[in-house]
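Presented below is the structure to which this report refers.
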Amino acid sequence: MKRSAQARWQGDLKTGFGSISTASGVLSDVAYSFHSRFEQGKGTNPEELLAAAHAGCFTMALSNQLAQAGIKAESLETNCTITLEQKDGAFAITESRLELKARIPGATQEAFDKATQAAKAGCPVSKLYNTNITLNAQLEGA
């Protein structure tokens, strides 16, 4: 299975601008620029898209891990924050932080912890990242 996206860019780094589109059409000429990446300009940026990908992938992987343990979540809400910092004179993604709030009536903390750690390690996006991945997972309604 392959998925694709396209990025376009005009101009230099600081005053230029671009757009990102996905083959599915979910993103269609969505603006991005230096200002939307490093300041507070309008548009998206690669790190925001990486955060969305990691949050979505991890949550689906966790749903699968729970199902394999015979557990069904009432709700899973994952926020992901990607940290972009200067490191050794260049920018690097230094962390992907996952924050999970899960409502899983009847689940034990042990089963929850096992499923979240397996999902964090097994999520294909986690495997893609060469950075520190942290997870703060809260189980509600256990």
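Couple of notes before you dig in:
- In segment 99-142, the residues that are within 15 Å of the chain's Cα centre (by Cα) and without any contact (Cβ under 8 Å) to a residue 12 or more places away in the chain: A121, K127, L128, N130
- Verdict on E39 being more than 17 Å from the chain's Cα centre (by Cα) and touching a residue at least 60 places away in the same chain (Cβ under 8 Å): no
- Only one of L62, L66 that is crowded, with 19+ Cβ neighbours inside 10 Å and more than 18 Å from the chain's Cα centre (by Cα): L66
- Positions within segment 98-130 being assigned to a loop (DSSP other than H, G, I, E, B) and either loosely packed, with under 14 Cβ neighbours inside 10 Å or in contact with a His (Cβ under 8 Å, 6 or more places away or on another chain) (or both), in sequence order: P105, G106, T108, C123, Y129, N130
- G18 passes every criterion in (1) more than 22 Å from Y129 (Cα to Cα); (2) part of a loop (DSSP other than H, G, I, E, B); (3) in contact with a strand residue (DSSP E or B) (Cβ under 9 Å, 6 or more places away or on another chain) apart from (2).
- Hits in segment 1-35 - residues which are under 30 Å from A119 (Cβ atoms) and surrounded by 14 or more Cβ atoms within 10 Å (Cβ to Cβ): I20, S21, T22, L27, V30, Y32
- Residue match in segment 120-133 (condition: under 22 Å from E74 (Cβ atoms) and among the aromatic types (F, W, Y)): no
Every number here is computed from the coordinates shown, using simple stated rules; none is lab data. Because the structure is predicted, anything quoted here is derived from the model rather than measured. So basically every Cβ, Gly included, is an ideal-geometry build from the backbone, and we count neighbours across all protein chains shown.
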